[in-house]
Amino acid sequence: MSTWRRLHVKVLTARALLTSRRETRPHTWTLIQSLSSGSALRSDFFKDLEAQLAAMRQKAADALPGSSWSPLELNPNLPPERADIVIVGGGVVGWSIAYWLKQKERVRGEVKVVVVEKDTTYSQASTVLSAGGIRQQFSLPENIHLSLASADFMRNINDHLGVLNEDPIDLQFNQSGYLFLASEQVAHIMEENYSIQRNAGAKVRLLSPTQLKDKFPWINTDGVVLASYGLENEGWFDPWTLLNAFRRKAVSMGVFQCCGEVTDFKHSTNMVMTADGEHLPLRRIQSVKVQMPNSLEYQPVECAIVVNAAGAFSGKLTDMLGIGFGPENTIAGIPLPVEPRKRYVYVVHCPDGPGLDTPFLIDYSGVYFRREGLGGNFITGTSPEESEEPNTRNLDVDHQFFEDKVWPSLAHRVPAFEKLKVTSAWAGYYDYNTFDQNGIIGIHPLISNMYFATGFSGHGLQHSPAVGRAVAELILDGNFQTLDLSGLGFRRILTQEPMMERNIV
């Protein structure tokens, strides 16, 4: 009997448990539903927790003796600690040099090149703020040959700068030519320049006032005695596209791009004596100090060669090395004669203006204009007189300058421009060579491993393909191979023998 009672108690207990489970099951199901609805959040929480635990375990392991762990995070944007060549200035000239250095290397990766640019947005870069013109109508054979070589490069740009699996490059190269107008006072200079240009291989034609009017009826020929018209390889293109094409190709070939500013050099100095008994400090750069943007962090980069392609501000680099601070009337006392000069570009709208055959016109007053697109828009401007050079502290535009100096000459030469509207404007810097308004290409006599590519005074963009090749030849081959540009070296500044370019716009 007692056995039966014990069995009965167990059965009742089991029933009670089952009843209890049935009663709690709805609550349990509700909890499960609640957990499942927040499963994604719970999963993310546990993933983050596991990732943090893993990071802690890894850091603890790295902290053991022999580990390279450091509590300081490495900046992935720092340039490498060592390079063969550091190019200071990532404008179109700097990137052209970088491209040609990699193009000429015999073994892929043989030459380690770093390009340092302080503003990779290029908001104040001379390259993208220019009028984008290219011409052969210069007075110096060197400039004519640079233009001819660069025009050929641009016509075949995809053969040079095309990148596999990337879109083809469209420079929007409009070969409408340049048209220079001459008054009676300067017509003889135009005739002399014409002979030099033709002998150098440029296709140029001289036009009388009657021929000029027949070809371009919208021109007022008053005061024009002679005109010079470029028949090929002249016109304008998109500067940003050329810059980006050089950069894209160079990076694809292994060039390291660094956003930073060169603020100092580490260099050695040896005193040498000239034949005249003058003692001169001969410097050799050992490393470049690159300051990172918006940071106190910097990276010294050891290098064998430095290229000064810093454009309007290239003089700051030579100042850091003491160039130009030596005794007066000595080589050490001659500074790099390159400084920023501000130039205004105005965009005007004139529906009744010249048509699609409009060339890049340069009036003898100095005022220029060219067509911009297809909607009756034009860009125009002029260089100020030496005594009226604007302040270069900023790139603010002087709109009164257009009213006083540009519009009167513009409307006189093209009567349709009497009715126009200024729609926008900008300002940019020339890397202006105060010595002779020509580029400086080559090595500095007192800095044994600094090469220059600066001072082009407004024609650096159009010459950049040929200049890049020339500098690469000078560095890797020891001399110029394709174009003899030795006359554009620093020596002419030391000997005070300017190579004046008479066709500066």
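Observations on the model:
- In this structure the amide hydrogen of Asp264, modeled in the peptide plane, comes within under 5 Å of the amide hydrogens of Lys289, none closer than 5 places in sequence on its chain.
- Rounded to the nearest 10 square angstrom, Ser228 shows an accessible area of 0 square angstrom against a 1.4 Å probe.
- Set of the stretch 480-498 residues, backbone N closer than 19 Å to the point 7 Å along the Cα-Cβ line of Glu192: 497-498
- Surface composition of the stretch 120-205: carbon plus sulfur atoms hold 43% of the accessible area, using a 1.4 angstrom probe and ignoring ligands, DNA and RNA.
- For the chain, averaging the sequence separation of C-alpha pairs within contact (under 8 Å, six or more residues apart) and dividing by the residue count gives a relative contact order of 19 percent.
- Distance between the 7 Å Cα→Cβ label points at Ser268 and Asp404: 5.5 nm.
- Taking the longest Cα principal axis of the chain as reference, the axis of helix 141-155 is set at about 40 degrees.
- Rounded to 5, the percent of DSSP beta bridges in the chain classed as antiparallel: 75 percent
- Pairs of lysines in the stretch 304-440 whose Cα atoms sit within less than 26 Å of one another amount to 5, provided the residues are eight or more positions apart or on different chains.
- Partners for Lys102 among aspartates and glutamates (Cα-Cα distance below 14 Å; same-chain residues under 8 apart left out): Asp84, Glu110, Glu473, Asp477
- Taking 25 °C and 0.890 mPa s as conditions, the stretch 213-284 diffuses translationally at an estimated 125 µm²/s according to Stokes-Einstein applied to its Kirkwood radius (Cα pairs).
- With coordinates expressed along the principal axes, the C-alpha atoms belonging to the stretch 383-505 extend over 56, 28, 25 Å, beginning with the largest.
- Pairs of alpha carbons in the chain whose separation is greater than 34 Å (percent): 49 percent
- Cα gyration tensor shape of the stretch 297-405, rounded if a/c is under 1.5, else prolate or oblate by comparing a/b with b/c: prolate
- MRE, 222 nm, helices only [DSSP H, n ≥ 4, -39500 (n - 2.57), over the chain, to nearest 500]: -10500 deg cm²/dmol
- Placed amide H near Ile362: partners under 5 Å, 5+ positions off or other chain: Leu179, Phe180, Leu181
- C-alpha center-to-center spacing [the stretch 327-390, the stretch 188-207] in angstrom: 22 Å
- Mean Cα-pair separation over length for the stretch 390-452, i.e. relative contact order, pairs under 8 Å, 6 or more apart, %: 24 percent
- Across the stretch 301-399, the relative contact order, built from alpha-carbon pairs under 8 Å that are at least six residues apart, equals 21 percent.
- Set of lysines with alpha-carbon distance to Lys59 below 29 Å, sequence-local pairs under 8 removed: Lys47
- Overall form of the stretch 178-226 per C-alpha gyration tensor (a/c, 1.5; a/b vs b/c): oblate
- Simple spin-label estimate for Leu494 and Leu231 gives 4.3 nm between the two label positions (7 Å along the Cα-to-Cβ direction from each Cα).
- Residues in the stretch 225-373 average 43 Å² of solvent-accessible surface per residue, probe 1.4 Å, ligands and nucleic acids excluded.
The values are calculated or read from the model by the stated rules, or taken from the named source; none is laboratory data. Computed from a prediction, not measured in an experiment: that's the story for all the values here. Neighbour counts run over all protein chains shown; Cβ positions are idealised from the backbone, glycine included. Heads up: the accessible areas ignore ligands, DNA and RNA and are worked out on the full protein's heavy atoms, side chains in. Shrake-Rupley method; radii C 1.70, N 1.55, O 1.52, S 1.80 Å.
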